[in-house]
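Working notes for the structure below.
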């Protein structure tokens, strides 16, 4: 009887000792997002539907809106230029002179003295750029996408100003989206913001890991949408649209979020 009374407390002692000395379960570090380390004000406008003669006043008014909205990067699609024609106002040169911004231009078509293309303007240095044609997509006007790498300080950013063929099939739109996604060689450390007449098919967008900037009902008809890399490190902070003499200007504010592990 005494032996049994001693063994039971001893068994309890050894069980408590075993579990208290065993290795505790491993807890994964939690990623915590802090305030943005960099904030960028991005805007886009599509001029392909602007059929009037380009006037200096319209460009000056656009420059005033850009300044008021504190826009830092601007993507423009469907620009028409007339190189060598002194009586024509050149949109790219005029806007650059008015804002003192850097710019790159990607030609789509050049015929009978008329040149069409896309452009990207930036207050930040533009590290590189290239013009990409839509391989395997039928196009009468040689639509294309202009890609630029912008040095935004803490990070570099890929900006794309794209004009897709207006009558592209769903399959052709998917090819264009795939090509745009492939412009980013480092999806972990580099992010992409795309603007233009992008597909409305949500499946095409999500297939290539893009999110879309939501617009108010008054701007839903605009042909200049904005897509951006769907990652927790690139966050959409705000968006709006402003009507200008040249069309609807879509504005989006993005934050590059610093990640720390705890």
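The values are calculated or read from the model by the stated rules, or taken from the named source; none is laboratory data. Because the structure is predicted, anything quoted here is derived from the model rather than measured. A quick note on method: Cβ atoms are made from the backbone with ideal geometry, for glycine too, and the neighbour counts reach across all protein chains shown.
One table, with the values for the structure above:
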| item | result |
| --- | --- |
| Inter-residue pairs, beta-carbon under 6 Å, first at positive phi and touching a residue at least 24 places away in the same chain (Cβ under 8 Å) and in segment 126-153, second surrounded by fewer than 21 Cβ atoms within 10 Å (Cβ to Cβ) and not in a strand (DSSP E or B), 6+ apart | 136/175 |
| Residues (surrounded by fewer than 17 Cβ atoms within 10 Å (Cβ to Cβ) and modelled with pLDDT of 85 or more) located in segment 209-222 | 209, 211, 214 |
| Pick from segment 223-262, criterion in contact with a strand residue (DSSP E or B) (Cβ under 6 Å, 6 or more places away or on another chain) and in a loop (DSSP other than H, G, I, E, B), ranking: surrounded by the most Cβ atoms within 10 Å (Cβ to Cβ) | 224 |
| Some residue of segment 162-169 being touching a residue at least 40 places away in the same chain (Cβ under 8 Å) and in contact with a strand residue (DSSP E or B) (Cβ under 6 Å, 6 or more places away or on another chain) | yes |
| Flag for residue 185 being at pLDDT 90 or above and assigned to a loop (DSSP other than H, G, I, E, B) | no |
| Matching residues, segment 81-104, being assigned to a strand (DSSP E or B), over 17 Å from residue 50 (Cβ atoms) and touching a helix residue (DSSP H, G or I) at 6+ places or on another chain (Cβ under 9 Å) | 102, 103 |
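Table: residues versus (1) touching a residue at least 24 places away in the same chain (Cβ under 8 Å); (2) over 21 Å from residue 251 (Cα atoms); (3) surrounded by fewer than 21 Cβ atoms within 10 Å (Cβ to Cβ).
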site	(1), (2), (3)
66	yes, no, no
82	yes, yes, yes
88	yes, yes, yes
93	no, yes, yes
101	yes, no, yes
106	yes, yes, no
